[in-house]
Amino acid sequence: MSQNDILNVSTLLQNGTKAKKTKCGSLVQFASVNAFKFCQESPSSFFIQHDLNEGFSKEIKFTKIGRPLAISLNTLRQKYQEPLKINKKKMQDLKSLLPYIPPIYHCYYTSLVPSEDVENEDDVLLL
């Protein structure tokens, strides 16, 4: 995973609705969801997983009913155009936690740019 993999999904959210039900009609309890899965093949929906042994079996569409959107993941732009900057102390904390993070994500955390002038980030960085 790299910074280029983070896409700006604001166009999808503007044309979407609050997802409350799965595709089969059952109510979704987001408090009990373990993981979300977004697929390139179906950009207007996502899959949820309640149990780690269960798999991603429940599909949720978040687009409005009616004519389907002509938006694909290929038309979505990158969220950040320059390397992300993070407070130097936070960067040191992240580097100390790298042994507990799966190695596949290490390149993302090491690609962050430490900066002294970043104190309170306006755009919250969810890691």
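Scan segment 113-127 and tell me whether some residue there is among the aliphatic types (A, V, I, L, M), surrounded by 13 or more Cβ atoms within 10 Å (Cβ to Cβ) and at pLDDT 75 or above. No, segment 113-127 contains no residue that is among the aliphatic types (A, V, I, L, M), surrounded by 13 or more Cβ atoms within 10 Å (Cβ to Cβ) and at pLDDT 75 or above. Being modelled with pLDDT under 75, surrounded by fewer than 11 Cβ atoms within 10 Å (Cβ to Cβ), closer than 19 Å to N4 by Cβ and not hydrophobic (A, V, I, L, M, F, W, C), is that true of even one residue in segment 43-65? There is no residue in segment 43-65 that is modelled with pLDDT under 75, surrounded by fewer than 11 Cβ atoms within 10 Å (Cβ to Cβ), closer than 19 Å to N4 by Cβ and not hydrophobic (A, V, I, L, M, F, W, C). Exactly one residue among N8, N74 is out of contact with any strand residue (DSSP E or B) (no Cβ under 6 Å at 6 or more places or on another chain), surrounded by 12 or more Cβ atoms within 10 Å (Cβ to Cβ) and modelled with pLDDT under 80, and that residue is N8. Being of a type in the set (G, A, S), at pLDDT 75 or above and either closer than 25 Å to Q40 by Cβ or part of a helix (DSSP H, G or I) (or both) is a property that S96 has. For Y105, the conditions (1) more than 15 Å from I6 (Cβ to Cβ); (2) modelled with pLDDT of 85 or more; (3) surrounded by 10 or more Cβ atoms within 10 Å (Cβ to Cβ) all hold with the exception of (1).
The values are calculated or read from the model by the stated rules, or taken from the named source; none is laboratory data. This is a predicted model, so every value here is computed, not measured. Positions of Cβ are generated from backbone atoms using ideal geometry, with glycine treated the same way; all protein chains shown enter the neighbour counts.
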